[in-house]
Amino acid sequence: ELARSLRRVCAFQIDLPAIAGFHGRRESKQARHLLEAGLATAVATDAHQVGDVQQSAQGLAWIDKKLGHATTVRLFEHAPRAILAGDMPD
């Protein structure tokens, strides 16, 4: 309930490798829960090397498969644009 309340005033950004399980099982479970519950605003990564890109691709694939392409577009394109414009995306 706290996360739902906070979601109205802050943006939850999820790390793509976390979705794929590269930060641990507990972290992956929580990242996926936030996505499935519709609480995540956007997803991103701070890739530093080729392996990071591969991990991110696995996170992207999970979102697209489990939540659908429309969700992928919202999390990667629409929401980040809204945040940069100073708006809180739905």
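For the range 14-54, how many residues meet the condition of being open to solvent by less than 30 Å² (accessible area, probe 1.4 Å) and of a type in the set (V, I, T)?
Summing the residues that are open to solvent by less than 30 Å² (accessible area, probe 1.4 Å) and of a type in the set (V, I, T) in the range 14-54 gives 4.
Go through the range 55-68 and count every residue that is touching a helix residue (DSSP H, G or I) at 6+ places or on another chain (Cβ under 9 Å) and open to solvent by 70 Å² or more (accessible area, probe 1.4 Å). Walk me through it before giving the result.
The first filter runs over the range 55-68 and keeps only residues touching a helix residue (DSSP H, G or I) at 6+ places or on another chain (Cβ under 9 Å), leaving 55-64, 66-67.
Among the residues that remain, those that are also open to solvent by 70 Å² or more (accessible area, probe 1.4 Å) are: 58, 66.
Summing the residues that are touching a helix residue (DSSP H, G or I) at 6+ places or on another chain (Cβ under 9 Å) and open to solvent by 70 Å² or more (accessible area, probe 1.4 Å) in the range 55-68 gives 2.
I'd like the full set of residues that are aliphatic (A, V, I, L, M) and either outside any helix (DSSP H, G or I) or without any contact (Cβ under 8 Å) to a residue 24 or more places away in the chain (or both), limited to the range 1-25.
L2, L6, V9, A11, I14, listed by residue number.
Does the range 51-87 hold any residues that are small (G, A, S) and under 19 Å from A37 (Cβ atoms), and which are they?
G59, G68, A70, A79
The values are calculated or read from the model by the stated rules, or taken from the named source; none is laboratory data. Keep in mind that what you see is a predicted model, and the values were worked out from it rather than measured. All Cβ positions, glycine included, derive from the backbone under ideal geometry; neighbour counts span all protein chains shown. Note: accessible area is taken over every heavy atom of the protein model, side chains too, but ligands, DNA and RNA are not part of it. Shrake-Rupley method; radii C 1.70, N 1.55, O 1.52, S 1.80 Å.
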